[in-house]
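Accompanying notes for the structure given below.
The values are calculated or read from the model by the stated rules, or taken from the named source; none is laboratory data. All values reported here derive from a predicted model rather than from experimental measurement. All Cβ positions, even for glycine, are placed from backbone atoms using ideal geometry, and neighbour counts span all protein chains on display. The accessibility values were calculated without ligands, DNA or RNA, using every heavy atom of the protein model including side chains. Shrake-Rupley method; radii C 1.70, N 1.55, O 1.52, S 1.80 Å.
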Amino acid sequence: MNIIEIDHVHYAYEDKPVLSDIQFTVEERDFVGLVGTNGAGKTTLLKLIVGLLKPWNGEVRLFGEQVGKFREWDKIGYVPQKNQFNPLFPATVEEIVMTGLFSNKTIHRRVTREQQQKCHDALEALGVQNLLRNRIGQLSGGQQQRVFLARALINNPALLILDEPTVGIDTQTQNEFFHLIRHMHEHHNITFLMVTHDLQMVRTHIGEQPAVSHDALHFYVKKADPTHACSQHDLTHSLKTMRLPHV
Amino acid sequence: MFDIMFEPFFVRSLLGGLLIALMAPLLGMFVVLRRQSMIGDTLAHVTIAGVALGLLIETYPLLLGIVFAVLASFAIEQIRKIYKTYAELSIAIMLSGGVAFATFLFTLGKGFNINVMSYLFGSIYTLDRTDLWVILIVTVVVCMIIMTYFKELLLMTFDEDAAKVNGLPVRRFNLMQAVLVALVVSVAIKIVGALLVSALLIIPVATSLLIARGFKHAMLLSVIFSEIAVVSGLMIAGVWNMAPGGTVVLTALAMLVTVMVVKRGFKI
């Protein structure tokens, strides 16, 4: 199944072309690294993929549906750039992770005990349950990254988008992060799209050569090993078995 | 000296003040954290233009104030779309437009300038039963919407991009937030006054942010600070016959300074 289809997409800011005739398909269980230098258009392409911008020409489809008509957003988990939020924001880790559940559509949307358990399970799976009551801005880069990952995983997404996940994070924490991503890629039915400027990291964790290149944008692809069957277990249960060290 | 507190007009002011002190910081929390603190001030100035028109054509002034503020909130969102990279420009344009129109109407209706003063600086004498009902309805609407969409508003405030990626209709929520601010500001100006109403959205929130342990905790603290400021400010205004806008906001500022000093002293 095709998860993302970028079909001859063109985009320009006013008269300045940024993307020209981009064509690429992300298949189920692919791990795709979208690499480019500053100004190469990777953020623009990410915005086109999630429907924040409309292409001037061409079309983007998510799970086979044209992005403008796509409604199943809970299938997508998103891990933002670490430096994208206000470090003085007063929310606790628990409050941030709970925002991942917003697509629950009932009129009186009190947080149920089951949802709270889901949130605690996601944090426990990522080894940060001890940070539940801490303010998000007080955490280290690695801790924040795991909290955002917990928020993205709380709905068991089919597509996980990672936006510059290693900015401001030390090498050891990066390695732990990729160990975790590799586990999910090998054992679960999740497709990954990672947007980054860090070519070295992509070469280390995805592959040496890009599958497709468009000007300064490069798509690196790692296919899931077909001999690895998907785990029948819940994602959080599976991650708990990894016994991640506390960060 | 304290007999005034049992007068019906003061009781009405106190009840209205308690309701405003509840909803203003609840909404103000989202406004402040999204760095839109000036929106309250802008809508208050536009409301005054509506009030002035209401006085001029002898229609219920607060109703026209609300209509003007809500229309201005739509206009702010529209102008923001045009000047995407200068978000604050839309607020500045509406603020000057509101003041200009209000000045124009003041000049046309020279006779009602004294009445307008109570809308500018607040008054404990002018709140009637109809006003109190309007404040109650707006409070219920604001609190219900914040409770219902708490997670969405929190996500949008924390990370607007993540909210968009998660499929949240961010534009609709921006508009909803602007309309709610317009409602709160326009019903609050009769007590606090247009020149100071935005302080009720901002100062209790600023105080709570210094010591809050989480988002809900910050909301709770901001409501407590706001209620203390309004009740004590109204009492001071009543007993010493002052404009309540000034006394309420000065009390809120006194709490902010106290918390800052205590926090520095104890290094909380």
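Comparing the full protein assembly with the isolated chain (1.4 Å probe, heavy atoms, ligands and nucleic acids excluded), the residues of the range A:54-83 losing at least 40 square angstrom of accessible area are A:Trp73, A:Tyr78.
For the range B:5-52, the spread of Cα coordinates along the three principal axes comes to 40, 28, 10 Å, biggest extent given first. In the range B:3-199, the inverse of the mean reciprocal separation of distinct Cα atoms equals 17.1 Å; this is its Kirkwood hydrodynamic radius. Of A:Lys222/B:Lys81; A:Lys69/A:Lys118; A:Lys75/A:Lys222; A:Lys54/A:Lys118; B:Lys190/B:Lys263; B:Lys164/B:Lys190, which pairs sit farther than 32 Å apart, going by alpha carbon to alpha carbon? Long pairs (Cα-Cα over 32 Å): A:Lys222/B:Lys81; A:Lys54/A:Lys118; B:Lys190/B:Lys263; B:Lys164/B:Lys190. Could you tally the net charge around B:Leu14, taking each other residue with its Cβ under 12 Å from the Cβ of B:Leu14, Lys/Arg +1 and Asp/Glu -1? Charge balance in the 12 Å sphere: -1.
The simple Förster model, with R0 at 60 Å and r as the Cβ-Cβ distance, assigns A:Trp56 and B:Met242 a FRET efficiency of 0.50.
For the range A:1-73, the set of trypsin sites (Lys or Arg not before Pro) satisfying both a DSSP loop assignment and a count of at most 15 other C-beta atoms within 10 Å is given as A:Lys69, A:Arg71. Per-residue ellipticity at 222 nm from helix content only, as computed over chain A with -39500 (n - 2.57) for each DSSP H run of at least four residues, stands at -8500 deg cm²/dmol. Relative contact order of chain A: 28 percent, from C-alpha pairs under 8 Å at least 6 residues apart in sequence. Out of residues 5 or more away from A:Val212 or on other chains, whose amide H comes under 5 Å of its own, with H placed 1.01 Å from N in the peptide plane? When sequence neighbours closer than 5 places are left aside, the close amide H contacts are A:Phe219. Taking both sides together, the accessible area buried where B meets A is about 2500 Å² for a 1.4 Å probe. For the range B:31-45, backbone phi angles converted through the Karplus equation (6.51, -1.76, 1.60; θ = phi - 60°) give residue-by-residue couplings of 5, 5, 5, 8, 6, 10, 4, 6, 5, x, 4, 4, 5, 5, 5 Hz, Gly and Pro being listed as x.
Treating cross-link reach as a plain straight distance, find the aspartates and glutamates whose alpha-carbon is under 13 Å from the alpha-carbon of A:Lys42, omitting any fewer than eight places away in the same chain. Reachable aspartates and glutamates: A:Asp163, A:Glu164, A:Asp198, A:Asp215.
For the range B:140-268, how big is the tail of P(r) above 27 Å, as a whole percent of Cα pairs? Percent of Cα pairs beyond 27 Å in the range B:140-268: 29. Over the range B:141-205, the reciprocal of the mean inverse Cα-Cα separation, the Kirkwood hydrodynamic radius, stands at 13.0 Å. Taking trypsin sites (Lys or Arg not before Pro) in DSSP loop states with no more than 14 other Cβ atoms inside 10 Å as exposed sites, chain B has its longest site-free stretch at B:85-212.
Considering chain A at the alpha-carbon level, its Rg and Dmax are found to be 18.0, 52 Å. Values of log10 I(q)/I(0) for the range A:116-165 across q = 0.16, 0.18, 0.19, 0.22 Å⁻¹ run -0.43, -0.55, -0.61, -0.80, by the Debye formula with one identical scatterer at each alpha carbon and no solvent. Label positions at A:Arg203 and B:Leu18, each projected 7 Å from the Cα along the C-beta direction, are separated by 7.0 nm. Restricting to the protein assembly as shown, what percent of DSSP beta bridges are antiparallel, rounded to 5? The antiparallel fraction comes to roughly 65 percent. Of the chymotrypsin sites (Phe, Trp or Tyr not before Pro) found in the range B:44-126, the ones in coil according to DSSP and having at most 16 other Cβ atoms within 10 Å of their Cβ are B:Tyr83, B:Tyr86, B:Tyr125. Beta bridges from DSSP with both residues in the range A:2-241: antiparallel share about 65 percent, rounded to the nearest 5.
Equivalent ellipsoid of the protein assembly as shown: semi-axes from √(5λ) of the C-alpha gyration tensor, largest first, are 49, 26, 18 Å. Axis angle, to the nearest 10 degrees, between helix A:171-187 and the longest C-alpha principal axis of chain A: 80 degrees. Sequence-distant contacts, meaning Cα pairs under 8 Å at least 6 residues apart, place the relative contact order of chain B at 31 percent. Annotation: per residue accessible area for the range A:2-241 equals 46 Å², rounded to a whole number [probe 1.4 Å, protein chains only].
Mean projected area of the Cα convex hull of the range B:1-80, taken over all directions, amounts to 7.3 nm².
Is the shape of the range A:1-95 best called rounded, prolate or oblate, per the rule: a/c under 1.5 gives rounded, else a/b larger than b/c gives prolate, else oblate, with a ≥ b ≥ c the square roots of the Cα gyration tensor eigenvalues? Oblate, since a/c reaches 1.5 and b/c is not below a/b.
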